[in-house]
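Report on one structure; see the data block that follows.
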Amino acid sequence: MKLCMIGTGYVGLVSGTCFADIGNQVYCVDKDVDKINKLNSGFSPIYEPGLDELIQKNFKAKRLIFTSDLKKAISSSDIIFICVGTPKKKGSLKVDLSFVYKCTKEILLYSKKKKIIVTKSTVPVGTGDHIEKIIKKKKKLFSVISNPEFLREGEAIRDFRYPDRIVIGSNSIKEFKIMKKLYAPLINKGSKFFTTSRRGAELIKYAANAFLATKITFINEIANLCEKSGINVEDVSLGIGLDSRIGGRFLRAGPAYGGSCFPKDTKGLVSLAKKYQTNLSIVKSVIKSNHDRVDLLTKRVHKILGNNLKDKRISLLGVTFKPNTDDMRDSTSLKMIPYLCKKGSIVSYYDPTGEKKEFKNLTNCRFKKNIKDNCINADLIILLTEWDEFKSIDFKKVVKKKNFKIYDLRNLYTAYEMKQNKIKYYSIGRPKIN
Ligand code: NAD
């Protein structure tokens with residue numbers, strides 16, 4: 001099939017490349033010319049394991065075309081996926097749909113023959129209806145479908161190839177059939193093809209993300225209780241997760257959830273519920289609890305350092321919101337690092353995906369090129385993101401200071417190994433070993 005992905009970010013680029021890899025011809029369009037140039041030289045502008053190789057393979061096979069020429073891409077395609085960002089509006093819980101509506105107008109402008117418009121971006125209930133209003137002049141040319149994306153950054157290629165389910169929202173059997181044909185290689189490998197109304201599909205995406213955010217927040221709060229009551233949260237996670245009604249995934253206590261989806265989608269869902277005069281009190285509490293968590297963890301840093309952050313050398317390992325991605329959106333580090341700097345700490349960080357523009361203007365914060373340079377002078381090391389390369393650091397060899405401490409926000413290490421090495425060690429929801 002001939003496809004066009006508008007928006008070549010985490011979703012558009014990965015799904016476009018994977019669609020090409022299963023035999024489709026895919027135009028990946030972005031208004032960001034630098035991104036397109038980088039892609040045309042064979043490299044991904046985002047860090048996603050395995051993506052560079054897959055791009056190069058499909059680019060060479062001429063199944064994957066990167067362009068800023070929206071007119072050519074739209075006129076050459078039968079199915080157009082909208083994959084642009086849907087951020088939170090500033091100062092409001094509402095979703096900013098301006099990118100979605102802008103590219104809808106462009107689709108309208110450049111379409112001369114029948115096309116299917118598919119929203120892959122996460123959009124609130126009723127967005128498909130609004131897109132139909134925008135295109136009403138040429139209504140007969142288009143059908144509008146919802147196909148929310150569930151891939152996770154860091155595991156995006158696997159998630160695209162083996163999704164638990166493919167959700168398609170439409171009111172037309174004909175369009176379901178076309179989408180089923182497009183996804184046939186994945187359905188044949190066992191992925192469920194789930195059809196519903198367009199508005200239903202739009203809500204499924206928000207409800208799924210809010211539920212997952214709730215699971216994370218729930219176990220984070222249980223971890224707080226464990227810390228006070230001397231119980232190991234990992235035992236509790238396992239003990240409840242073994243119940244198939246609950247399931248063990250998304251039950252790892254850690255920092256506040258972040259990333260480009262959960263924070264904005266929980267807020268977007270609350271805003272949607274308000275529009276329909278419904279009170280989603282659980283989701284509201286989740287948002288508040290997650291917001292408070294960053295403060296709670298920062299207070300703990302104060303305590304670990306004897307309530308005095310001034311001139312303390314604090315080294316962070318990892319600053320992205322999770323490993324295997326370069327995505328910084330809503331990472332705990334975005335709040336924690338500026339706070340520590342403001343309080344007079346000398347902060348350094350190392351992240352496998354390199355220096356971050358977000359911290360460039362902070363006078364007390366430096367990026368270090370490797371683990372050793374980052375940790376050598378540390379009073380406190382904060383493990384924020386559990387990259388594989390952090391798993392086996394010999395801290396005693398790396399850190400010069402005698403009484404340095406480690407605050408492990410991902411429970412990557414064990415209290416036992418730290419005790420063996422005589423390192424003062426703090427983690428999440430686990431009892432101390434004395
Ligand atoms: P992103 O910011 O990485 O990418 C969006 C891209 O769209 C940018 O490159 C931008 O330049 C481009 N763009 C915007 N307007 C355009 C236009 N008119 N024409 C051409 N290009 C345009 O965003 P993302 O993380 O890929 O997310 C996209 C959507 O998918 C969002 O709605 C998000 O909630 C949803 N989603 C994201 C993930 C994820 O893990 N990132 C997972 C599932 C769903």
Restricting the first residue to the range 229-250 and requiring it to be on the phi > 0 side of the Ramachandran plot, which pairs with a second residue that is among the hydrophobic types (A, V, I, L, M, F, W, C) meet a Cβ separation below 7 Å and a spacing of at least six or different chains? PHE250/LEU212; PHE250/ILE216
Qualifying residue in the range 337-357 (condition: basic (Lys, Arg) and within 19 Å of TYR426 (Cβ to Cβ)): yes
Name the single residue, out of those in the range 173-190 being in contact with a helix residue (DSSP H, G or I) (Cβ under 9 Å, 6 or more places away or on another chain) and not basic (Lys, Arg), that is nearest to the ligand (Cβ to nearest atom). LEU186
Can you find even one residue in the range 195-203 that is among the β-branched types (Val, Ile, Thr) and crowded, with 19+ Cβ neighbours inside 10 Å? no
Starting from the range 134-150, take each residue that is closer than 22 Å to TYR162 by Cβ and list its partners that are among the basic types (Lys, Arg) and modelled with pLDDT of 90 or more, counting only C-beta distances under 6 angstrom and pairs at least six apart or across chains. SER146/ARG198; ASN147/LYS120; PRO148/LYS205; GLU149/LYS120
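Among the residues of the range 352-380, which ones are touching a Lys or Arg at 6+ places or on another chain (Cβ under 8 Å) and surrounded by fewer than 16 Cβ atoms within 10 Å (Cβ to Cβ)? So that I can check it myself, show each step before the final result.
Applying the first criterion (touching a Lys or Arg at 6+ places or on another chain (Cβ under 8 Å)) to the range 352-380 yields 367, 374, 376-380.
Hit for the range 352-380 is ASN377, nothing else.
Residues being outside any loop (DSSP other than H, G, I, E, B) and over 16 Å from PHE150 (Cβ atoms): count how many of those fall in the range 256-265.
Within the range 256-265, the subset outside any loop (DSSP other than H, G, I, E, B) is 262-265.
This time we only want the ones that are over 16 Å from PHE150 (Cβ atoms), so: 263.
Qualifying residue count for the region: 1.
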Identify the residue in the range 306-333 that is aliphatic (A, V, I, L, M) and more than 16 Å from the ligand (Cβ to nearest atom) and, among all such residues, is surrounded by the most Cβ atoms within 10 Å (Cβ to Cβ). LEU316
Restricted to the range 1-13 and to residues being more than 8 Å from the ligand (Cβ to nearest atom) and crowded, with 19+ Cβ neighbours inside 10 Å, the residue nearest to PRO185 (Cα to Cα) is LEU3
Testing PRO45 on (1) of a type outside the set (A, V, I, L, M, F, W, C); (2) exposed (fewer than 15 other Cβ atoms within 10 Å of the Cβ); (3) within 16 Å of the ligand (Cβ to nearest atom), one condition comes back false. Which one is that? (2)
Identity of the residue in the range 51-68, crowded, with 22+ Cβ neighbours inside 10 Å and assigned to a helix (DSSP H, G or I), that ends up farthest from the ligand (Cβ to nearest atom): ASN58
Condition met for PRO263 (within 16 Å of the ligand (Cβ to nearest atom), within 21 Å of the chain's Cα centre (by Cα) and more than 19 Å from GLY354 (Cβ to Cβ)): yes
Answer with yes or no whether LYS274 is within 16 Å of the ligand (Cβ to nearest atom), touching a residue at least 12 places away in the same chain (Cβ under 8 Å), part of a helix (DSSP H, G or I) and under 23 Å from ALA208 (Cα atoms). no
Members of the range 14-31 found to be more than 7 Å from the ligand (Cβ to nearest atom), part of a strand (DSSP E or B) and buried (at least 24 other Cβ atoms within 10 Å of the Cβ), listed by number: VAL26, TYR27, CYS28
Which of the residues belonging to the range 219-254 are surrounded by 17 or more Cβ atoms within 10 Å (Cβ to Cβ), assigned to a helix (DSSP H, G or I) and hydrophobic (A, V, I, L, M, F, W, C)? ILE219, ILE222, ALA223, CYS226, VAL233, VAL236
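Being at pLDDT 95 or above and at positive phi narrows it down to one residue among GLY16, GLY23, GLY42; which is it?
Values: GLY16 fails: at positive phi; GLY42 fails: at pLDDT 95 or above.
The unique qualifying residue is GLY23.
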What's the number of the condition ILE6 fails, among (1) in contact with a helix residue (DSSP H, G or I) (Cβ under 9 Å, 6 or more places away or on another chain); (2) more than 30 Å from LYS275 (Cα to Cα)? (2)
Pairs only if they're at least six apart or on different chains, beta carbon under 8 angstrom, first in the range 152-176 and modelled with pLDDT of 95 or more, second loosely packed, with under 15 Cβ neighbours inside 10 Å and hydrophobic (A, V, I, L, M, F, W, C); list them, first residue then second. ARG165/PHE194; ILE166/PHE194; VAL167/PHE194; ILE168/PHE194
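Report, by residue number, each residue of the range 166-195 that is in a strand (DSSP E or B), of a type outside the set (A, V, I, L, M, F, W, C) and either in contact with a Ser or Thr (Cβ under 7 Å, 6 or more places away or on another chain) or under 12 Å from PRO148 (Cα atoms) (or both).
Just the residues of the range 166-195 that are in a strand (DSSP E or B), to begin with: 166-169, 192-195.
Next cut, of a type outside the set (A, V, I, L, M, F, W, C) only: 169, 192, 195.
Hits for the range 166-195 are GLY169, THR195.
The values are calculated or read from the model by the stated rules, or taken from the named source; none is laboratory data. It should be emphasised that the depicted structure is a prediction, and the values quoted were computed from it without experimental measurement. Cβ atoms come from the backbone with ideal geometry, glycine included; neighbour counts cover every protein chain shown.
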